[in-house]
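Okay, here's the structure, questions in a sec.
The values are calculated or read from the model by the stated rules, or taken from the named source; none is laboratory data. All values reported here derive from a predicted model rather than from experimental measurement. We place every Cβ from the backbone using ideal geometry, glycine too, and count neighbours over all the protein chains shown. Heavy atoms of the whole protein, side chains included, go into the accessibility calculation; ligands, DNA and RNA do not. Shrake-Rupley method; radii C 1.70, N 1.55, O 1.52, S 1.80 Å.
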2 protein chains.
Amino acid sequence: MTEIIPIGTGSAVPVKERGFSCVALRRPELALLFDCGEGTQLRLLHSDVKLSRVGAILITHLHGDHFFGLMGLLATMSLLHRDTPITVVGPAGLRDLVQRMPGLLPEELTFEVDFNELEHGHGRIMVLDGKGWRISASPLDHGVPCYGYRYEEEDLVGTLDVERARQLGVRNPRDFGRLKAGETIDLEDGTVVEASAVMGPSTPGGVFSYVTDTRPCPAAVDLALDADILYHEATFADELADRAEATGHSTTVDAARIALEAGAKRLLLSHFSARYRRFDELVSEARSVFPNSEAAVELSRYQLQPEAETIESN
Amino acid sequence: MTEIIPIGTGSAVPVKERGFSCVALRRPELALLFDCGEGTQLRLLHSDVKLSRVGAILITHLHGDHFFGLMGLLATMSLLHRDTPITVVGPAGLRDLVQRMPGLLPEELTFEVDFNELEHGHGRIMVLDGKGWRISASPLDHGVPCYGYRYEEEDLVGTLDVERARQLGVRNPRDFGRLKAGETIDLEDGTVVEASAVMGPSTPGGVFSYVTDTRPCPAAVDLALDADILYHEATFADELADRAEATGHSTTVDAARIALEAGAKRLLLSHFSARYRRFDELVSEARSVFPNSEAAVELSRYQLQPEAETIESN
């Protein structure tokens, strides 16, 4: 039931049709925001994402179009008397920038902000987890400290076939629990019951990868491995590859190559340069490399695992 | 030809229908912004106010809903390669908050930001002027340092009646110039020609007063004296007068009383609490005290002096 909701798909220079960078991930019990460009709190009002449900905000880097909305969002949460803590993950220095703003000191807010500042190093590190999910981060290649994020859900355990277990002789309620946990049971009569004999197949958890702003790099592929949705910047069309390289960005084709190499299932393109008002050609370029490419549409809801949900709803 | 264009009429808690505080004043040669709440640069894209024409930004106080849009707006101006200086007027401390943000140090911007920081004192002081206009500021009563602004245009000099001047004997081209400047001319034959004899009536310059956030106070009346448009906060309805007093705000009736006492011509109400989704009753309350009251409508264009412009267009 996890949904991805693009909130802003523009890049640094604003255009009328798009917001600054933000994408929401919505689970039944909470929402996560990736980046928080200026105006995010205003655009969220037009989405189904309630401010009160936002449990964490993960910032990629300290360029204004990716975090200038964070201060106002936290201020509003306080005005609305939020009392549950929120986690903010982002590059070192973010905490200081936020807390210098009037009204955002810890003692001024109605809730706790738990900052998790990332130091630029190498490789992927765990940065956040919750019930049934976790998020890791890797440094990208943007010229300033910048992190891509990978959200992974635990596999959903299959259903216990109670009838079959009884037939095999299982009676003790605790044994049913141990089978559900994947353990093997030795019954008193010497029968060995393996979990796989009574448990239905597990459903792989969903994977969402958020990769922006960056030149194509190995970390992007690593973050996107087997992702259900790779949400990747495509600031420029292929013909501006030189400009992408010079400014630390990716083209449509770069993004598609990352998706292909990583074995991602679906590619959502975002962070479009202000020069593009139509997406047809951008999407065509990406599809020539990775067919399941689309331009992310603001305020649309993308199911992270559409197949899994179809099964559930049957 | 001066126009007032409300950009955001909400207060601190955002609602779907309104933006955070900002109002633009547009002259033929430049635009001025009063306050710059989050999202101002995005909302300006939906107005006729071009970012490149904004010559100055005047901030009332350092609550986020009045200035969190300033950082992004300056960053965007730099991305667009602005090369003309801009003036930012606001409470002491504003400069430091802005310049700590990544990308906003003087050496990082493509243009100069001339900060004019106000120290909280008493009385009205001049803070900015341009060709044919000037702006003064007075401390208001909001609990934190907060300034109201008064924009005043010079009177428009009338037209010289050249025929009449010739009949009176004026010949020297320099004498025509002196008459236009209001001087008295002594001709060689002893004739004295006063400017008033040959100059048409002058047109009074327009006055725009921006008063937010504040309890009703003498400074508000002083700022609004004879204003063509008084743009005044009305955060609360009259029944919440206690809450307005407690939070340093005005009610509809407070705003109307200021307009009445100041002899303003027109009152535009703004800074509405998120609790109000309709304005009918708020406006009715104000009109019961000051009939020419309206709720400011975002992105509408209000002529500062509609009568003067009618004359001009004849």
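Positive end of the charge dipole of the stretch A:1-92 (Lys, Arg +1 and Asp, Glu -1 on Cβ, about the Cα centre): tell me which of A:Thr87, A:Met77, A:Val15 has its Cα farthest that way.
It is A:Met77, whose Cα lies furthest towards the positive end.
Also, I was wondering about something else. Which residues, if any, in the stretch B:18-56 have at least 40 Å² less accessible area in the whole protein complex than in the isolated chain, probe 1.4 Å?
For the stretch B:18-56, once contacts with the other chains are taken into account, B:Glu38, B:Gln41, B:Leu42, B:Leu45, B:His46 lose 40 Å² or more.
Moving on. Could you tell me the number of lysine pairs in the protein assembly as shown with C-alpha atoms less than 21 Å from each other, where the two lysines are 8 or more residues apart or belong to different chains?
For the protein assembly as shown, qualifying lysine pairs total 7.
Along the positive direction of the dipole of the stretch B:156-276 (beta-carbon charges: Lys, Arg +1; Asp, Glu -1; about the Cα centre), which of B:Ala165, B:Tyr210, B:Ile185 reaches farthest?
B:Ala165
Still on this structure: Given +1 on the Cβ of Lys and Arg, -1 on the Cβ of Asp and Glu, and no further charges, what dipole in debye does the stretch A:63-111 carry about its Cα centre, rounded to the nearest 20?
Dipole magnitude for the stretch A:63-111 comes out near 40 debye.
While we're on this one: Gain in length, B:Met1 to B:Asp129, computed as 0.36 nm per residue apart minus the alpha-carbon separation, to one decimal in nm?
Net length gain for the segment: 44.3 nm.
Among the trypsin sites (Lys or Arg not before Pro) in the stretch B:1-107, which ones are in a DSSP loop with at most 16 other Cβ atoms within 10 Å of the Cβ? Mind listing them?
B:Lys16, B:Lys50, B:Arg100
Once B and A are treated as a pair rather than alone, how much accessible area drops out, both sides summed, in Å² to 100, probe 1.4 Å?
2600 Å²
Pop out the carbon and sulfur fraction of the accessible area of chain B as a percent, whole number, probe 1.4 Å.
49 percent
Among DSSP beta bridges whose residues both lie in the stretch B:1-123, state the antiparallel percentage, nearest 5.
40 percent
At 1.4 Å probe size, with every protein chain present, just tell me what the per residue accessible area of chain B comes to in Å².
For chain B, the per-residue accessible area is 44 Å².
Under 1.5 on a/c is rounded, so check that first for the protein assembly as shown, then, if it is not, pick prolate when a/b is larger than b/c and oblate when it is not; a ≥ b ≥ c are the square roots of the alpha carbon gyration tensor eigenvalues.
prolate
Can you pull out the GluC sites (Glu not before Pro) in the stretch B:86-180 whose DSSP state is coil and whose Cβ has at most 11 other Cβ atoms within 10 Å?
Passing both the DSSP loop test and the Cβ count: B:Glu119.
Hey, can you rank A:260-269, A:293-302 by average C-beta count inside 10 Å, highest first?
Top of the packing list down: A:260-269, A:293-302.
So, with +1 on the Cβ of K and R and -1 on the Cβ of D and E, and no other charges, what is the size of the charge dipole of the protein assembly as shown about its Cα centre, to the nearest 20 debye?
Here the protein assembly as shown has a charge dipole of around 620 debye.
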